[in-house]
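Participant: This is the structure, below, for whatever I ask next.
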Amino acid sequence: MPSQASPTHQQPPNGGVAAWTKTLGCFMIYVNTWGIATSFGVYQSYYQQFTLHQYTPSTISWIGTTQVFLLFFVAIIGGPVYDRGNSQWLLYLGYTLIVFGYFMLSLATKFYQIFLSQSICVGIGSGLVFVPAVSTVAQAFSTKQPIALGLASTGSAIGGTIFPIMFRQLTPDIGLIWTNRVFGFLLLATSMMAAALLRSSGSSATEHEQHSLKKFFDISAFREPAFTCLCLGLFLVELGFWIPPFTISPYAQFTLGVGSEYAFYLIAIMNAGSFAGRILPAFVAQTRAIGPAWTLVMGSLGLGVLVLCWLAINNVVGVTVWAVIVGFMSGIVVSIPNVVVARLSAFTQVGSRSGMLWTIVAFAALVGAPIAGVLVDSDTNSYKWGQVFSGLCICAGAAVLCVPALYISRKRSE
């Protein structure tokens with residue numbers, strides 16, 4: 001059984017100017033982390049055609065998946081440090097690394113240079129800011145928590161829509177070098193806004209509670225079947241999650257024969273579809289009858305089935321409609337897990353357990369797209385086995401996520 005928060009601990013304000021200001025700051029963090037991560041598909045296509053054309057799609061995809069891996073994995077530091085009330089320096093360091101990484105990317109011409117700047121530097125910076133920002137919002141609300149986190153996570157959809165469109169519009173006119181510099185200045189502006197809005201971030205644990213939080217990775221959490229199955233289920237979901245956004249652009253261009261311009265826009269279309277998927281399910285998750293855990297199960301299952309349906313799509317209209325619906329369902333998988341963690345954790349454990357969850361999930365994000373890349377038949381441009389792998393992994397994850405959903409439902413009815 002998860003430990004309970006101290007009865008003397010102050011309850012979350014569940015609203016107010018300060019709480020919603022933190023939500024806006026977290027929105028900016030999502031733009032700078034998930035927004036740029038979900039936009040990698042445009043880089044994948046560009047690298048395959050130009051900068052890194054001598055490398056296989058699977059090799060190139062390691063750039064994007066390593067960035068996502070570090071976004072999640074570095075959470076093992078951000079979560080516990082947040083719980084100790086010392087996250088401000090993490091946020092500033094993270095902002096700096098993200099911006100620095102993009103300016104260095106504008107100078108990169110070789111694979112290792114691109115990898116160091118886009119994967120390592122941006123990835124570590126993203127990981128340092130993600131969990132502290134999300135945990136700040138999670139602890140500022142109680143009943144409105146799903147809606148607040150859902151609204152914050154729309155930053156991923158906004159960033160994932162704007163960055164691919166900007167990439168496509170800017171690269172023909174000013175080239176890749178200055179496109180990356182424009183992104184760097186944009187990320188600098190949004191980071192400064194986030195820094196101002198989240199300047200008071202940090203857990204409000206008491207001094208005694210802060211000193212009692214000694215471990216960065218609390219192995220005892222895995223004695224709870226619900227939390228363990230949440231980690232395992234989300235691991236399987238994330239194993240297939242990143243394959244559609246990373247491969248839809250090259251799939252449309254090289255398999256369906258879609259023009260390169262429209263193929264680039266499919267990334268933006270998919271991310272735009274995820275905007276509603278981050279808000280509408282949040283209201284469903286807030287209802288007592290369903291709750292966040294079952295919302296996550298239904299969203300994951302729906303996403304897995306849709307990815308399997310990808311096998312039957314062979315035209316531009318079909319893949320466009322599919323991209324919108326998949327974007328909507330993927331929004332649930334992005335915004336809801338943090339709410340489920342809060343339901344399974346004591347107040348002062350939210351940051352640490354969120355960090356543990358995303359650190360485990362990081363390994364799935366790292367290998368998922370490269371595995372799919374290996375399964376792609378380059379001679380015939382067939383993505384069939386990559387699509388099957390993605391869909392089955394997500395469906396299997398949805399089945400495992402039923403365990404924490406059942407636990408929360410039973411606990412609520414007691």
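The values are calculated or read from the model by the stated rules, or taken from the named source; none is laboratory data. Please read these numbers as outputs of a predicted model, since none were measured by experiment. Note: ideal-geometry Cβ built from the backbone for every residue, glycine included; neighbour counts use all protein chains shown.
Participant: Tell me, which residue of the range 251-264 that is assigned to a loop (DSSP other than H, G, I, E, B) and aliphatic (A, V, I, L, M) is surrounded by the fewest Cβ atoms within 10 Å (Cβ to Cβ)?
Facilitator: Initially, the range 251-264 is screened for residues assigned to a loop (DSSP other than H, G, I, E, B), giving 255-259.
The next check asks that each one be aliphatic (A, V, I, L, M); those that pass are 256, 258.
Values: Leu256: 16, Val258: 20.
Residue satisfying both the conditions and the ranking: Leu256.
Participant: On the basis of being of a type in the set (Val, Ile, Thr) and in contact with a Leu (Cβ under 8 Å, 6 or more places away or on another chain), does Thr179 make the cut?
Facilitator: On the way: of a type in the set (Val, Ile, Thr): yes; in contact with a Leu (Cβ under 8 Å, 6 or more places away or on another chain): yes.
It is true that Thr179 is of a type in the set (Val, Ile, Thr) and in contact with a Leu (Cβ under 8 Å, 6 or more places away or on another chain).
Participant: Please work out which one of (1) of a type in the set (Gly, Ala, Ser); (2) in contact (Cβ under 8 Å) with a residue 24 or more places away in the chain; (3) at positive phi is the condition Gly257 fails and give its number.
Facilitator: (2)
Participant: Report, by residue number, each residue of the range 59-76 that is crowded, with 24+ Cβ neighbours inside 10 Å and hydroxyl-bearing (Ser, Thr, Tyr).
Facilitator: Across the range 59-76, the qualifying residues are Ser61, Thr65.
Participant: Do any residues in the range 367-383 that are within 17 Å of Ala312 (Cα to Cα) and touching a residue at least 40 places away in the same chain (Cβ under 8 Å) have Cβ atoms under 7 Å from those of residues that are of a type in the set (Phe, Trp, Tyr) and assigned to a helix (DSSP H, G or I), where the two are at least six apart or on different chains, and which pairs are they?
Facilitator: Sorted first by the residue in the range 367-383, then by its partner, the pairs are Asn381/Phe254; Tyr383/Tyr251.
Participant: Report whether or not Leu116 is surrounded by 20 or more Cβ atoms within 10 Å (Cβ to Cβ) and either of a type outside the set (Phe, Trp, Tyr) or in contact with a Phe, Trp or Tyr (Cβ under 9 Å, 6 or more places away or on another chain) (or both).
Facilitator: Details: surrounded by 20 or more Cβ atoms within 10 Å (Cβ to Cβ): no; either of a type outside the set (Phe, Trp, Tyr) or in contact with a Phe, Trp or Tyr (Cβ under 9 Å, 6 or more places away or on another chain) (or both): yes.
Here the answer is no, as Leu116 does not meet what is asked.
Participant: Something else about it: Which residue is surrounded by the most Cβ atoms within 10 Å (Cβ to Cβ), if the candidates are limited to the range 265-298 and must be over 21 Å from Phe40 (Cα atoms) and among the aromatic types (Phe, Trp, Tyr)?
Facilitator: Trp294
Participant: Sticking with this structure for a sec: Do any helices (runs of 4 or more DSSP H) lying entirely in the range 15-65 carry at least 3 residues that are of a type outside the set (Gly, Ala, Ser) and out of contact with any Pro (no Cβ under 6 Å at 6 or more places or on another chain), and which ones are they?
Facilitator: Result: 17-32, 40-49.
Participant: Quick check on Thr161: is it of a type in the set (S, T, N, Q), at pLDDT 95 or above and either under 25 Å from Met270 (Cα atoms) or buried (at least 18 other Cβ atoms within 10 Å of the Cβ) (or both)?
Facilitator: For Thr161, the condition - of a type in the set (S, T, N, Q), at pLDDT 95 or above and either under 25 Å from Met270 (Cα atoms) or buried (at least 18 other Cβ atoms within 10 Å of the Cβ) (or both) - is not met.
Participant: Same structure, new question: For Gln387, which of the numbered conditions (1) within 19 Å of Leu306 (Cβ to Cβ); (2) in contact with a strand residue (DSSP E or B) (Cβ under 8 Å, 6 or more places away or on another chain); (3) not acidic (Asp, Glu) fails to hold?
Facilitator: (2)
Participant: Just one of (1) modelled with pLDDT of 95 or more; (2) surrounded by 24 or more Cβ atoms within 10 Å (Cβ to Cβ) trips up Val321, so point out which.
Facilitator: The single condition Val321 does not satisfy is (2).
Participant: Further question on the same structure: Here's a check for you: in the range 265-318, which residue that is of a type in the set (S, T, N, Q) and assigned to a helix (DSSP H, G or I) is farthest from the chain's Cα centre (by Cα)?
Facilitator: Only one residue tops the list, namely Gln286.
Participant: I'd like the full set of residues that are part of a helix (DSSP H, G or I) and either among the acidic types (Asp, Glu) or in contact (Cβ under 8 Å) with a residue 60 or more places away in the chain (or both), limited to the range 97-126.
Facilitator: Selection gives Ile98, Val99, Tyr102, Phe103, Leu105, Ile114, Gln118, Val122, Ser126.
Participant: Of the residues that sit in the range 334-359 and are touching a Gly at 6+ places or on another chain (Cβ under 6 Å) and either within 19 Å of Gly391 (Cβ to Cβ) or hydroxyl-bearing (Ser, Thr, Tyr) (or both), which one is modelled with the lowest pLDDT?
Facilitator: The selected residue is Ser352.
Participant: Additional query: Which ones in the range 268-323 are of a type in the set (Ser, Thr, Tyr) and under 20 Å from Ala252 (Cα atoms)?
Facilitator: Ser274, Thr320
Participant: Still on this model: Give me the pairs: first residue in the range 55-84 and among the hydrophobic types (A, V, I, L, M, F, W, C), second residue outside any helix (DSSP H, G or I) and at pLDDT 90 or above, beta-carbon distance under 8 Å, and six or more apart or on different chains, which are they?
Facilitator: The qualifying pairs are Ile60/Leu52; Leu71/Thr33.
For (1) surrounded by 23 or more Cβ atoms within 10 Å (Cβ to Cβ); (2) of a type in the set (Val, Ile, Thr); (3) part of a helix (DSSP H, G or I), each residue gets a yes or a no:
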| residue | (1), (2), (3) |
| --- | --- |
| Ser354 | yes, no, yes |
| Ala362 | yes, no, yes |
| Val367 | no, yes, yes |
| Gly386 | yes, no, yes |
| Phe389 | no, no, yes |
| Ala399 | no, no, yes |
| Pro404 | yes, no, yes |
